[in-house]
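Okay, so here's the structure we're looking at.
What follows is calculated from the coordinates using simple rules that are stated; it is not laboratory data. Source: prediction; values computed, not measured. When we count neighbours, we look across all protein chains shown, and the Cβ atoms used for this are built from the backbone with ideal geometry, even at glycine.
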Amino acid sequence: MPVTLSIEFDDTWAARLRPMVEHRVREMRRHPLTVMLLENMPGVESVDDLTLKQKAKLLIRFHLLKDLVRFEAQAAAEAANRQTSDEIVSNFPMEIGEP
């Protein structure tokens, strides 16, 4: 089920945010995640083709997806660590020296 997020800024805040959004999107233009997100936008070849509103959406999606990757990777690493630890505890030879 799709979820819609809506953020509204008055003209003063939109003007204040504009240079930051433009700068951040320019910085991430060649990032593989940005390239992938742009590939899913018909008729868009680069971030230069986007409106300010689209750039802001791209910036938000970019950071949400990057954070999701880190979050899921951390959870997977913790699960793998627990599994490895359990396996070592269960199978490590406890004998010391000759019987």
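Can you check what the net charge comes to around M36, using other residues whose Cβ is under 15 Å from the Cβ of M36 (Lys, Arg +1; Asp, Glu -1)?
+3
Normalised by the number of residues in region 13-88, what is the relative contact order in percent for Cα pairs under 8 Å and 6+ residues apart?
For region 13-88, the relative contact order is 29 percent.
Measure nothing but the geometry: give the 0 to 90° angle between the long axis through the Cα atoms of 52-91 and the longest principal axis through the Cα atoms of the chain, rounded to 10°.
0 degrees
Kindly put S85, S6 in sequence by how many other C-beta atoms sit within 10 Å of each C-beta, fewest to most.
Fewest-to-most Cβ neighbours within 10 Å comes out as S6, S85.
Can you check what the net charge comes to around V47, using other residues whose Cβ is under 11 Å from the Cβ of V47 (Lys, Arg +1; Asp, Glu -1)?
0
Between E27 and T51, what is the label-to-label distance in nm when each label sits 7 Å out along the Cα-to-Cβ direction?
For E27 paired with T51, the spin-label model returns 2.6 nm.
For region 13-88, what size does the Cα cloud have along each of its three principal axes, sorted from largest down, in whole Å?
56, 29, 16
R0 = 25 Å: FRET efficiency of S6 with Q83, Cβ-based, nearest 0.05?
The calculated FRET efficiency here is 0.05.
Round to the nearest 10 and give me the degree value, 0 to 90, for the angle of helix 11-27's Cα axis relative to the longest principal axis of the chain.
Here the helix axis deviates by roughly 50 degrees.
Can you figure out the FRET efficiency of E72 with N40, using R₀ = 30 Å and their beta-carbon distance, to the nearest 0.05?
0.90
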